[in-house]
Structure formats: C-alpha cells, structure tokens
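What follows draws every value from the coordinates through simple rules; no lab data is involved. Nothing here was measured: the structure is a model prediction, and the numbers come from that model. Don't worry about glycine lacking a Cβ; one is built from the backbone with ideal geometry, like all the others, and counts go over all protein chains shown.
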Amino acid sequence: MTDATLPIIHLDVFLASPDSQDALNECKKAADALITFGALLLHDSRVSEEDNSAFLDLIEDYFAQPEETLKRDERPELSYQIGVTLENTEKPKCAVDEPCLKVIARLDPAERPLDISAHSPDPKCRFFWKMSERPPYETNYPGLNAPNVVPESEFLRERWTQIMEKWGTSMKTAVGNLSEMASVGLGLPRETFQDAGRYGPHLLAPTASDLEKYGEKDTILAGFHTDLNFLTIHGRSRYPGLNIWARNTGKRIPVKFPPTGRCLLVQAGKQLEHLSGGLVKAGYHEVVVNDATLQAIERRKLENPNRPLIRISSTFFWHLSSDYDLAPIPALQERARSLRADTINLGKTDLEEDTVYEPMKVGQQVINELRHIALMA
Ligand SMILES: [Fe+2]
C-alpha cells in the first residue's frame with residue numbers, strides 16, 4: 001500500500017478573485033489532479049464541520065430504523081433513483097464486467113482491490129435525495145426527475161428536509177464551483193461544465209453500512225467500481241475505509257482527510273470521462289473494513305456508546321442534464337490522444353484499449369449504466 005496523498009485544491013483562492021494568476025494556477029492544479037488521479041481534495045471554508053455532523057447523525061438515526069419502516073421509502077418503479085435502496089440490491093459492476101476485470105488484472109498485485117469475484121451484491125444501504133432544478137423545457141427523461149421521499153417517523157420528519165437541504169447545498173455549491181475551476185484549468189470557458197449540468201438530476205446520496213453486521217476486517221462494503229455521473233463529492237466519514245485508484249499511476253490511495261476539516265473529496269465519474277474523450281478517467285474506488293476502520297469502531301464505541309454503529313458516507317452525485325448531448329469535446333479528446341501517444345512512446349505496453357465514446361443523450365448513458373448494476377430491468 002502506498003502513502004501517496006491527493007492534491008488539495010483551494011476553492012477560496014478561486015472565489016476571491018477568479019481571474020487572478022493565483023486562481024488560474026489553482027484551476028490548472030485542479031484539472032491536472034483530475035487527469036492524473038481522477039480525484040482531489042477540495043478545501044472550501046464555507047463548509048461547516050457542524051453541518052456534516054448533523055447530517056451524519058440524521059442518517060445514522062434513519063438507517064437504525066427497522067427494515068419494514070425503511071421499505072416504505074423504496075421506489076423500485078423509479079429504478080431506486082429517489083428514496084431508499086436497501087442492502088444487497090446493487091451489484092458492483094466490476095464483478096460482472098469484462099473491461100473492469102482487465103483493469104484489476106493490469107494492477108500490480110500489491111495495489112489490487114479486495115477480491116470481488118465472490119462478492120455480490122454490496123452490503124450497503126443508500127438514500128437518494130434529489131437536488132435538481134426543474135428544466136424549463138420538456139424533458140425526455142421524466143423518470144429521473146420525480147419528487148423526493150420524506151421519511152414518515154416524526155423524529156426524523158421534523159428535521160429531515162432542513163438538514164438534507166443544508167448539507168446537500170454545501171456539497172452542490174462546492175462541486176459546482178470546482179467544475180468551473182476544472183473548466184478553466186482544461187482551457188474551456190468557465191461556465192462549460194456548470195451549463196451542461198444546470199438541470200442535471202443531482203443527488204445527495206448517503207450510503208450506510210451496518211458495522212455490527214459487517215464490521216469484520218476485509219469486509220467489502222462497496223466493491224471496486226466507478227461512478228456513472230460527472231463528479232462525485234464526499235464529506236468526511238466517521239470511519240475510514242475508502243480506497244481510490246489513481247488511474248494514471250495504478251496506485252491504491254487510502255483516503256485521509258486533513259485534520260483541519262472543511263475538506264471534501266471529489267472524484268471524476270463516467271460522464272466527465274465521456275465528455276473529455278478519456279482525458280479524465282472515471283476514478284475507481286472501493287469501501288472496505290481495514291485496520292483504520294476497526295480503530296474508529298473501537299473509539300466510537302467508547303466515546304458514543306449509545307449511537308448506532310453505522311458507517312455513513314455523505315456522498316453527493318453531480319450529474320450533467322439528462323437531455324444534454326454527451327460527446328467528447330474535440331480539444332480535450334485531442335489532448336487525450338497525445339497523452340496516450342506519449343505513454344506508448346515511453347514504452348508502456350500494458351495500456352487499456354482505446355475506448356470509443358459514442359455520442360448519446362446523458363439520460364441514455366445513465367440508463368445504460370443502471371442496467372449494468374442491476375438497478376433497472
Ligand atoms: Fe461510488
């Protein structure tokens with residue numbers, strides 16, 4: 001395992017004076033981090049540690065409810081794109097996906113994820129809270145734009161919407177600004193990605209893993225996979241266990257948040273890979289129970305013995321608009337090709353095949369990906 005750390009990008013520098021040289025350097029740093037690692041740490045001083053904490057408490061309380069209660073919040077007819085998804089529904093795509101298994105095979109054995117071949121589906125639950133703006137036009141994908149589910153129990157209901165909206169807005173604002181930085185850093189107009197994602201079906205999507213049930217070392221909580229959306233952003237979890245892979249180095253990186261707080265983790269998803277013609281690759285990641293997770297469990301038991309022992313990940317999926325035409329931006333695709341040529345010239349022969357990014361509506365790309373992970377028939 002490597003001790004590599006991710007670059008920290010300062011959003012404040014960009015917001016203070018977007019056209020300054022310092023801001024432009026920071027934008028370049030953000031774009032380079034996405035190209036090299038598919039991920040970065042984002043420092044945003046507007047993000048509050050207390051909001052993250054209130055959010056984690058709320059979601060722990062929610063998932064501590066009995067299964068029959070949780071089941072009322074399921075919406076299978078909407079492909080689970082709002083409300084709750086209970087554990088063992090979602091299959092890690094990689095366990096059934098040939099190109100993905102090849103990605104693992106190409107990794108140095110010491111850098112590989114935990115073996116997912118015998119593991120499916122994931123023992124994790126999830127809640128999807130839509131944070132989208134209704135498009136001012138007729139959409140071809142109304143299924144992904146349905147109203148939110150609010151839990152029925154009184155003790156959750158009274159604080160639910162306020163806490164979800166507050167934390168969700170912090171994450172959405174931060175990732176939206178980061179998309180502007182990435183646009184600038186890639187040599188595009190600042191609004192390119194923001195405009196493409198203006199009416200995206202963005203989701204605040206906390207996941208929950210019951211550590212009483214799945215707290216043994218080397219348990220896979222979420223198997224090796226990439227995300228189907230544009231950019232994913234996470235707040236700090238109370239339990240470590242997230243590993244990410246730097247696509248251009250093949251190194252596994254256990255995610256560690258700086259102790260100062262106000263830092264968020266951002267990862268590239270499939271839509272960004274597609275739009276950039278493969279210049280930025282969607283980042284592979286997994287969530288497992290490792291030694292650091294076990295230590296956090298013991299600490300939590302001592303310090304908060306009355307709290308549910310559930311690992312919450314405060315994930316937010318930022319999407320492109322469903323009706324947006326997804327096709328590689330020529331300048332980025334060109335750069336992807338020359339990077340690839342450079343790598344071949346350096347004598348690397350174990351490269352993955354040249355991916356073809358067929359033009360399609362974003363809504364179609366999402367449907368294709370959901371079929372793959374067994375959430376849609
Ligand atoms: Fe993920």
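At-a-glance table
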item	result
Sorted by Cβ density within 10 Å, fewest first, the residues MET131, MET360, MET171	MET360, MET131, MET171
Distance between modelled label sites at GLN333 and ARG106, nm, 7 Å Cα→Cβ extension	2.0 nm
In Hz, Karplus ³J(HN,Hα) per residue of the stretch 63-69 (6.51, -1.76, 1.60; θ = phi - 60°; x = Gly, Pro)	6, 7, 5, x, 4, 4, 5
Contour excess over end-to-end distance, with Cα ends at ALA146 and ASP325 and 0.36 nm allotted per residue	62.3 nm
Trypsin sites (Lys or Arg not before Pro) within the stretch 1-90: DSSP coil, no more than 15 neighbouring Cβ in 10 Å	ARG46, ARG72
Given charges at beta-carbon only (K, R positive; D, E negative), |dipole| of the stretch 106-233 in Debye	220 debye
Where only alpha carbons of the chain are counted, the Rg and the Dmax (Å)	19.8, 63
For the stretch 50-57, 3J(HN,Hα) per residue [Karplus equation, 6.51 cos²θ - 1.76 cosθ + 1.60, θ = phi - 60°, Hz, x = Gly/Pro]	5, 5, 4, 5, 4, 5, 4, 4
Check: the stretch 188-339 dipole with +1 on Lys, Arg Cβ and -1 on Asp, Glu Cβ, in debye	500 debye
The stretch 119-211: GluC sites (Glu not before Pro) in DSSP coil with no more than 16 other Cβ atoms inside 10 Å	GLU133, GLU138, GLU152, GLU191
R0 of 30 Å, Cβ-Cβ distance THR355-GLU216: FRET efficiency to nearest 0.05	0.25
Burial ordering of TYR199, TYR137, fewest other beta-carbon atoms within 10 Å first	TYR137, TYR199
Ranked ILE220, ILE244, criterion: other C-beta atoms within 10 Å, fewest first	ILE244, ILE220
Extreme residue, positive dipole direction of the chain, given options GLN333, LEU56, LEU78 (C-beta unit charges)	GLN333
Too-long pairs where the Cα-Cα distance tops 28 Å, listed order kept, from LYS130/LYS270; LYS281/LYS301; LYS71/LYS281	LYS281/LYS301; LYS71/LYS281
